[in-house]
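Coordinate-derived values only; no laboratory data. Predicted model only: the values in this text are computed from it and were never measured. Here Cβ is always computed from backbone atoms with ideal geometry, including for glycine, and neighbour counts include all displayed protein chains.
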Amino acid sequence: MTEEDLGLVLQPGGDHYRAYVGPPQDYDLVAAMAFGLLCTLGLRQQHRVLDIGCGSLRVGRLLIPYLNRGGYTGLDPHAWLVEQGIQREVGEDQVRIKQPHFVHAEDATSLLQAGETFDYVLAQSIFSHCGPDLLEQWLRQSWQLLSEAGALVATYVAGNQNCVQEGWIYPDCVTYTEDTIIRLGSAHGFRCIPLNWRHPRQRWMLFAKPGFDIGWLGQDLSWNTAFDHFQGRMQTA
């Protein structure tokens, strides 16, 4: 049997559907990490998720079958990446059954104009390539797209210096201080909570709308803690 081409020897940003979106050897790890975090934060099958920079459906290949029909929206300017993800990771039958929505654009303007709303917005390794102008754009648009009980879950590269270069910087990464990320998120109305959820190179931040349940979040961010919390809420409802 011919070995599957996973692009493992290529550098991030390489001309391969897995390598283009990051280190190809971490493709599976990043997918599991992001999916596990969303479920730990309360994601259920009936929720609607916007995956910013969905690329080749690294996380989408787990979210699409998990969510109910029409629950997944992937946004990415590179149609070829999404098409490769469908062909090589998801399959046309899954698209037909689950009916995910794909938007090929640089921002979420069309979703805002259509009046779309989401329970979760995922921005995995997006802020790590955004100048401050784009970072604030995504915070603003995410706030507008989220329900009152929704949340943006995003990563960034922590550093002692804040990026000053504007626009999209890729495949290079940019850094921000934690204080800056929290300040910018708070300025757009979010309650910002650093998440103790391991990432190979970045840090996770939760940007919660007023109705999102954050009272149980603490240092022990684990499936067991989340299960006990949400199970208790279901039993008392």
Subject >> Cα centre as origin, Lys/Arg/Asp/Glu Cβ charges: the chain dipole, Debye >> reply: 660 debye
**OP:** Quick one: net charge around CYS173, please, counting Lys, Arg +1 and Asp, Glu -1 for every other residue with C-beta under 15 Å from its C-beta.
**Re:** 0
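Among ILE193, ILE214, ILE181, ILE64, what is the fewest-to-most ranking by other Cβ atoms within 10 Å? Numbers along the way, then the final one.
Details: ILE193 19, ILE214 13, ILE181 22, ILE64 26.
The order, fewest Cβ neighbours first, is ILE214, ILE193, ILE181, ILE64.
Where both residues lie in segment 26-236, what percent of DSSP beta bridges are antiparallel, nearest 5? Mind showing how you got there, number by number?
Numbers: 12 of 29 bridges.
So the antiparallel bridges in segment 26-236 amount to around 40 percent.
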Original post:
So what is the 222 nm mean residue ellipticity for the chain from helices alone, if each DSSP H run of at least 4 adds -39500 (n - 2.57) and you divide by all residues, rounding to the nearest 500 deg cm²/dmol?
Top reply: -9500 deg cm²/dmol
**OP:** Amide H neighbours of PHE118 under 5 Å, at least 5 residues apart or on other chains, H built in the peptide plane: list them.
**Re:** LEU146, SER147
**OP:** Exposed loop GluC sites (Glu not before Pro) only (DSSP loop, at most 16 other Cβ atoms within 10 Å): please give the longest stretch of the chain free of them, not including the sites.
**Re:** 5-105
**OP:** Subtract the Cα-Cα distance of ARG69 and GLU148 from 0.36 nm times their separation in residues, and report this length gain in nm to one decimal.
**Re:** 26.2 nm
**OP:** Please list the non-local residues whose amide H lies under 5 Å from the amide H of CYS54, H modeled 1.01 Å from N, same-chain partners needing a gap of 5 or more.
**Re:** LEU75, ASP76
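Got a sec? How would ILE182, ILE97, ILE86 order by Cβ neighbour count within 10 Å, fewest to most? Display every interim value, and only then the final one.
On the way: ILE182 18, ILE97 12, ILE86 21.
Ordered from fewest to most neighbouring Cβ atoms within 10 Å, ILE182, ILE97, ILE86 come out as ILE97, ILE182, ILE86.
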Original post:
Expressed in nm to one decimal, what extension gain is obtained for the pair GLU83 and GLU4 from 0.36 nm per residue of sequence separation less their Cα-Cα distance?
Top reply: 26.7 nm
**OP:** Report the residues of segment 56-98 in range of a label on GLU116: point 7 Å along Cα→C-beta, backbone N strictly under 12 Å from it.
**Re:** 70-77
Subject >> Span from the segment 1-48 Cα centroid across to the segment 66-99 one, whole angstrom >> reply: 14 Å
